[in-house]
1. Can you name the helices of the chain, as whole DSSP H runs, whose Cα span along the helix axis is 15 Å or more and whose Kyte-Doolittle mean is not below -0.5?
2. Based on other C-beta atoms within 10 Å, arrange Cys185, Cys238 from fewest to most.
3. Report the extension gain between Gln144 and Ala249 in nm, rounded to one decimal, defined as 0.36 nm multiplied by the number of residues separating them, less their alpha carbon distance.
4. With springs only between Cα atoms under 10 Å apart, run a GNM on the chain and tell me which of Tyr332, Tyr65, Tyr138 wobbles the most.
5. Take the chain, connect every pair of alpha-carbon atoms lying under 10 Å apart with a spring to form a Gaussian network, then pick out the residue of Glu145, Glu87, Glu246 with the largest mean-square fluctuation.
6. Please identify the chymotrypsin sites (Phe, Trp or Tyr not before Pro) of the stretch 220-312 that satisfy two criteria: DSSP loop assignment and at most 16 other Cβ atoms within 10 Å. Which are they?
7. Cut-off 10 angstrom, C-alpha nodes, Gaussian network model of the chain. Which of Ala11, Ala55, Ala184 fluctuates the most?
8. Students often get this wrong, so check it: of Lys115/Lys311; Lys115/Lys359; Lys114/Lys311; Lys24/Lys115; Lys104/Lys261, which have C-alpha atoms separated by over 30 Å?
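Bear in mind these aren't lab numbers, they're just calculated from the coordinates by the rules spelled out. These figures come from a predicted structure and were not determined experimentally. Positions of Cβ are generated from backbone atoms using ideal geometry, with glycine treated the same way; all protein chains shown enter the neighbour counts.
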Amino acid sequence: MATLILVFITAFFVVLYATPPLIKVAILKRLFDEPGGRKIHKRIVPTIGGIIIFAATIFSFSLWYKIDYGFFKDMEDFLAINQYMTEFKLIVATSLVLFFVGIKDDIIGTAPIKKLVAHVLVGLILVLIGNIRITGLYGILGVQELPYWGSVFLSLFTYIVVVNAFNLIDGVDGLAGGIGFIAACSYGTWFFMADDYVYASLSVALAGALLGFLVFNFSPAKIFMGDSGSLTIGLIICILSIKVLEYPAEKLHNELLFISKPVFVVATLMYPLTDTLRVFLIRAAKGTSPFSADRNHLHHKLIDCNLNHVKTVIWVYSFSILTIGLSLLSYYLEANIAMGVVALFTGLTVTVLQVTYRKRNPSKQTEIEFKE
């Protein structure tokens, strides 16, 4: 427990004290985003905050990273040590790849196809070399284990979707950072209760870095995280999600054993996944590229309902926390029923938002326009 506190505090204060100089450097070197077009900020804001999120998370996790070797007494435990070390190296390696892809995009831009290639490369490294993959659905839709090819495909697809989902929701001050913080805290609590202090440390390192960043990113934002930040957050959250899903049931205590892991993970990622699925369907219906920019995100609809940045992110934070809370109903309900409750709550929430948006913006065209 003491180590986890040190990890959190280290990451938090690294960001807290290193961000102001970074803002000054970004302004001097003109590494900022100017207002105009779809952008809803009204002044220049530096866009390279992901540098400090990445650095603080990796630094804090690496500084305090340790494995209790006295706990390992047989060959199975030795293999567990080896797996932890392999995963640690691959997490650092793959996060570096996405970090530099994001930095390039923040400074001079990157073609979507090149970013997609980087996502696929990172996914393949984690799935094929690190064996960090989804092996089954644990009863959801009646599916238990997946064939190897299905596991690889689903895991690769999951990496691409989750990483891009966090990138897509980074459109309002404090939104992506806050959702990432809530997810990291949820996973950190889960791993702590499962006595897995390695992944609990990674979770709280990210949580500490994001809390420190929110001091400067909450409205009115003094700095944006940019793609270097959102891609890093998405990758780490995705890895943590898969590790929760694949955590051996025999190592779980009763308070976690009867909570459906798929329901908990989906609920934790519900907002970015819902927003991403929604905008992709709208763009597909319009016949435009799924990667084209628009104002169809849920956070844009909230802004158009006369909410400011602060109220918008608080609304989304509340939704995320309530959804995670609903996932705990799987302790008492069958997994598919609990998943249905979470999905129903999400659907009703989005419907209420859409109805409110249309009432307050009657002159605007409907979002989905089919080509003639």
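1. Membrane-span-like by this criterion, though nothing is claimed about a membrane: 2-28, 50-64, 75-107, 112-124, 148-168, 175-193, 197-217, 226-245, 270-286, 309-327, 335-360.
2. Least to most surrounded, the residues fall as Cys185, Cys238.
3. Full extension of this stretch gives 36.4 nm more.
4. Between Tyr332, Tyr65, Tyr138, it is Tyr332 that shows the largest mean-square fluctuation.
5. Looking only at Glu145, Glu87, Glu246, the largest GNM fluctuation is found for Glu145.
6. Numbers: sites: Phe224, Phe258, Phe264, Phe280, Phe291; in loops: Phe224, Phe258, Phe291.
Within the stretch 220-312, the qualifying chymotrypsin sites (Phe, Trp or Tyr not before Pro) (loop, at most 16 other Cβ atoms within 10 Å) are Phe258, Phe291.
7. Most flexible of the set in this elastic network: Ala55.
8. Where the Cα-Cα span goes over 30 Å, the pairs concerned are Lys115/Lys311; Lys115/Lys359; Lys114/Lys311; Lys104/Lys261.
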